[in-house]
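Written out below as structure tokens is the structure these notes cover.
Please treat every number below as a calculation from the coordinates, not as lab data. The model shown is predicted, which means the values in this text are computed figures rather than measured ones. Cβ coordinates were reconstructed from backbone atoms using ideal geometry, including for glycine residues, and neighbour counts include every protein chain displayed.
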Amino acid sequence: MNLTGDYLQQKQNKLSYESISAFDIFKIGVGPSSSHTLGPWIAAKRFAESLNRKGLLYQVIELRVLLYGSLAKTGKGHGTDVAVQLGLCGADPETFDVGQIIPKLNDIAHMKKLVLLGRHEVEFDPREDIEFFLTENLPFHPNAVTFLVQLEHGDSIAETWYSVGGGFVVREGEETSERKVAQLPFPVNTADDLMHWCIKTGMHVHEIVMENELVWRSELEIKKKVKEIWKVMKECIYRGCHTDGMLPGGLNVKRRSFELNKRLTGGRSYGSYDEWLEVIRSGGNDFKYTLDWVSCFALAVNEENASFGRVVTAPTNGAAGVIPAVLHYYAVFCNAYTEENILKFMLTAAELGSIFKKGATISAAMGGCQAEIGVSSAMAAAGLTECMGGTQQQVLMAAEIAMEHHLGLTCDPIGGLVQIPCIERNTMGAIKAITASQLALQSTPEYAIVPLDAVIKAMWDTALDMNFKYKETSDGGLAVHVPLSLPEC
């Protein structure tokens with residue numbers, strides 16, 4: 001099934017320049033999926049908030065949630081039902097205690113009641129009031145959720161939201177003009193636009209991005225936000241490397257980063273993240289050792305992601321391990337661990353992510369895993385090249401190389417869980433990013449045959465042509481060729 005419908009039309013009819021902040025690309029949230037967990041969570045919260053703004057919250061007497069398309073097909077495995085309940089309750093995915101997710105859900109299921117925004121209690125049985133329409137798709141986008149509300153005086157409300165990838169959501173009927181559009185000093189939709197500004201000003205990529213970000217917030221606030229994001233990434237890797245056991249969901253996938261970390265640290269003692277980094281550095285930097293650590297970093301993040309842990313969407317949750325793994329490679333093995341360099345990396349990577357979102361997609365339900373692991377690998381390659389002193393042309397070349405070798409990558413999660421092959425794919429994406437950066441740094445971009453914008457267009461064409469069953473539905477690929485006997489969710 002080819003992709004058609006309103007989402008494609010909107011992409012073609014959008015404003016000349018779309019304003020996306022680095023902090024729209026990098027979001028702090030909860031796993032396992034940005035489009036199937038974080039997006040529906042945000043949509044549910046915004047829907048409940050809109051009821052409150054309209055003075056209707058306390059009039060609600062009945063509530064139902066309808067999931068369509070990819071949200072229905074893999075919603076259980078991705079925790080979509082979990083996410084909408086938490087969002088309706090008003091929980092903030094950036095700050096909600098992940099240790100309270102299960103108790104909160106158990107309380108709703110036991111009491112058969114849900115407290116909208118933590119203020120107004122309504123009857124709600126998740127088993128009856130969340131419906132999965134496995135064979136129905138809405139035309140705008142494969143990830144659709146409809147909220148149905150009955151009010152006390154007989155009126156009803158139906159509102160549909162779409163989770164379009166990376167935690168971005170769109171309300172049905174929302175006009176582009178309704179959304180906040182900033183006037184940026186250096187508007188960028190394409191790689192050519194970015195290079196135009198770099199040539200015209202002589203600025204590096206991260207400097208262009210910083211000037212644009214100053215439209216939204218001060219330099220102090222930007223640096224603070226980057227530090228917060230980096231802190232979550234560091235804590236996620238450290239936590240993942242020191243947590244043993246099986247991942248939830250019924251596949252019985254054993255965590256691997258715990259044992260790998262133990263073997264690589266060789267029993268050496270440490271009591272904090274910083275001490276751990278020193279232990280890692282003391283092991284040297286030969287190729288095999290470095291390769292093992294990059295894989296360990298990526299595994300750790302996505303094992304946490306699969307366990308409803310706190311991660312950074314980069315640009316999605318399914319691909320959340322690539323950028324932290326490459327950043328840790330840079331911080332540990334490249335002798336360049338400074339806050340300024342982390343800032344350069346983050347701003348550069350975010351800009352590349354926004355270019356892919358504008359020109360193609362960062363949603364696996366739209367474009368397969370090339371839209372997630374492929375984009376994250378391109379982002380990481382660009383960020384690393386910027387920090388390694390590459391030219392503006394080499395930064396874009398690194399992103400192009402990384403994506404070129406992810407084109408056509410399908411999304412076929414076994415059991416609808418963000419585990420197999422998703423977790424290992426993050427290790428592959430991280431290694432490819434480092435390789436792409438090295439190739440770009442040792443190359444002369446003027447002789448390159450393939451520009452980044454051509455790869456983005458090829459990625460989008462591939463997304464349009466890709467069979468629907470390879471777009472996060474678990475109806476094709478590994479998902480149907482590995483026999484499983486999963487328990488009823």
* Burial ordering of K357, K223, K262, fewest other beta-carbon atoms within 10 Å first -> K262, K223, K357
* Asked: Any idea what the dipole of the chain comes to, in debye rounded to 20, about its Cα centre with Lys/Arg Cβ at +1 and Asp/Glu Cβ at -1?
  -> 720 debye
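Ratio of alpha-carbon Rg to the 2.2 N^0.38 Å globular estimate for the chain, to two decimals, please.
0.94
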* Please list the equivalent ellipsoid semi-axes of region 14-178, computed as the square roots of five times the alpha-carbon gyration tensor eigenvalues, in descending order and whole angstrom. => 24, 19, 16
* Within region 54-77, which residues have the backbone N less than 18 Å from the label spot 7 Å out from Q150 along Cα→beta-carbon, could you tell me? => 57-66
* For the chain, find the longest principal axis of its Cα atoms and tell me its angle to the long axis of helix 191-201, 0 to 90°, nearest 10. => 50 degrees
* Can you give the angle from 0 to 90° between the axis of helix 219-241 and the longest principal axis of the chain, with both taken from C-alpha atoms, to the nearest 10? -> 90 degrees
* With each label point set 7 Å from Cα along the Cα-Cβ vector, what nm distance links V98 and L464? -> 3.8 nm
* Based on the mean of other Cβ atoms within 10 Å per residue, sort peptides 454-462, 37-45 so the most packed one is first. => 37-45, 454-462
* Return, ordered by residue number, the residues of region 107-125 whose backbone nitrogen is under 16 Å from a label point located 7 Å along Cα→Cβ of A158. => none
* Asked: Any idea how far apart A182 and E131 come out in nm if each label point goes 7 Å out from Cα toward Cβ?
  -> 4.1 nm
* Cross-link table K254/K469; K45/K224; K432/K457; K262/K358; K113/K469; K113/K225, entries beyond 31 Å C-alpha to C-alpha -> K262/K358; K113/K469; K113/K225
* Mind checking the angle between helix 39-53 and the chain's longest principal axis? C-alpha axes, 0 to 90 degrees, to the nearest 10. -> 50 degrees
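Fully extended, how many nm does the chain gain between T444 and T338 (0.36 nm per residue separation, minus their Cα-Cα distance)?
Working it through step by step, the gained length comes to 35.4 nm.
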* Evaluate the Debye formula for region 105-233 with equal point scatterers sitting on the alpha carbons, no solvent, and hand back log10 of I(q)/I(0) at q = 0.10, 0.12 Å⁻¹, in q order, two decimals. => -0.63, -0.81
* Structure fact -> Two pseudo-spin positions, 7 Å from Cα along C-beta at E62 and at M203, lie apart in nanometres by 5.5 nm
* To do: For A454 and H196, compute 0.36 nm times the residue count separating them, minus their Cα-Cα distance, and round to one decimal in nm.
  => 91.3 nm
* Asked: How big is the C-alpha Rg of region 191-481 next to the rule-of-thumb value 2.2 N^0.38 Å, as a ratio?
  -> 0.97
